[in-house]
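Reading through the structure tokens given below for one structure.
The values are calculated or read from the model by the stated rules, or taken from the named source; none is laboratory data. Since the model is a prediction, treat every value here as computed from it, not as a measurement. As a convention, Cβ positions derive from the backbone with ideal geometry for all residues, glycine included, and neighbour counts pool all protein chains shown. Each accessible area value is taken on the protein alone, full model and side chains, heavy atoms only, with ligands, DNA and RNA left out. Shrake-Rupley method; radii C 1.70, N 1.55, O 1.52, S 1.80 Å.
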Amino acid sequence: MKFYILIFLSILSVSCLSQNDSLKIKNDSIKIKKDNRFKVAGSVLADSFHSVPGDFSAMGHNVSGNWKRTALYTAGIIGLIAIDKQTTGFLHDKIEPNIDYSLPDIGPKNTKIITGDDPYIVYPIIGLYAGSLIINNKKGQVVALNAAKSLAYSYVITQIFLKTITSRNRPQRRINDDKPVVEPWTKDPWDFGNFHGIHFEQGGPGTSFPSFHTTSYFAVAKVFQMEYNNYWIPYTFVTAVFLADIKSHDHWVSDLLVGGLIGTIIGRSVVISSRKQIAKNESSAFNDNSKKFRMQKQLIPQISNSMIGLHFIGTF
């Protein structure tokens, strides 16, 4: 009888111990998630940095993953350029005169990188990150950093690389009038190859193709659309910001459409790469925790003048 009582009490004590330890582990876990905002912010920044190679890999896969689709898009772009004089003329004559609103100037002075209504895109990203950092919201920090990366990639890919190698001149306003062409403006949609040095700032000759604004705006919109599973709010917002300053965007219609396409690829690639990096880290942490909390079991015989029994010991 004593033998069974001893085993029962031993098992009961181990069970109580494991439950108490389990509660302690859960409480510690909750405390870390709730209080340690610096650890959360650090892990988000680390994930954002480590996912950079994956960002470019995802962009490359979007282009090379389906060559038939890429060829179709390329043919479509050439077709858009071929009819640019007609479509851009329609934009100048019929659409722009009917868009007559503007947003208050909230941008910094004496800068040509963040110009016009760009602060309406940049400031919300900064605000989202700062607010998410204060309230220790990991999701908001991830979204803000992904949006910021999409802006940076748009600048490098479109403003520095593509504009430099294509060197297309901007269309003269209005393209359908009889006024003579004034350089560096043009009425020829095939006016590419006007090579120049890299324009780090917006504007300048030979910087028409593709549009940096539509690239960056659509890249940010795609990030928010995928992260929050909502099309209407991000795309309506960036479209409203873009149209408020439409007369200053001296672009062919194909510049705008190609910029939107490139921006969509950038934003989508950043989100996909970010999700893969986060999933990789969570899988690694789960495996580490599984190894850390394994239980080692021991059975120790106990013999005395009054009893014979086994002492069960569980170590976590």
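Just want to confirm a number: the relative contact order over region 189-274, from Cα pairs under 8 angstrom separated by 6+ residues, in percent.
Numbers: 82 pairs, mean separation 37.4, N = 86.
Dividing the mean separation by the residue count of region 189-274 yields 43 percent.
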**Study point:** Distant-in-sequence amide H partners of I175 (H built 1.01 Å from N, under 5 Å)
**Key:** none
Point to revise | For peptides 126-133, 101-108, sequence by mean Cβ density within 10 Å, most packed first | key: 126-133, 101-108
Revision key, fill the gap. Dipole check, region 79-236, charges on Cβ (K,R +1; D,E -1), about Cα centroid: among W185, T115, L128 the Cα furthest to the positive pole belongs to L128
Study note, to complete from the structure: Expressed as a percent, the accessible surface of region 173-257 that is carbon or sulfur, using a 1.4 Å probe and the full set of protein chains, is 64 percent
Review point. What spacing in nm lies between the two simple spin-label points modelled at D93 and S43, each 7 Å away from Cα in the Cβ direction?
Key: 6.0 nm
Point to revise | Overall form of region 188-272 per C-alpha gyration tensor (a/c, 1.5; a/b vs b/c) | key: prolate
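Sorted by accessible area (1.4 Å probe), largest first, how do I157, I246 line up? Can you show the working numbers first?
On the way: I157 40, I246 15 Å².
The ranking, largest first, comes out as I157, I246.
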Review point. Could you state the number of Å between the C-alpha centres of region 233-285 and region 157-182?
Key: 23 Å
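Which order do the peptides 76-85, 176-185, 253-262 take when ranked by the mean count of other beta-carbon atoms within 10 Å per residue, highest first? Before the final figure, lay out the partial values.
Details: 76-85: 15.3, 176-185: 10.8, 253-262: 23.2.
The peptides rank, most packed first, as 253-262, 76-85, 176-185.
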Check your understanding: Just how large is the dipole of region 131-179 about the Cα centre, in debye to the nearest 20, putting +1 at every Lys and Arg Cβ and -1 at every Asp and Glu Cβ?
Key -> 20 debye
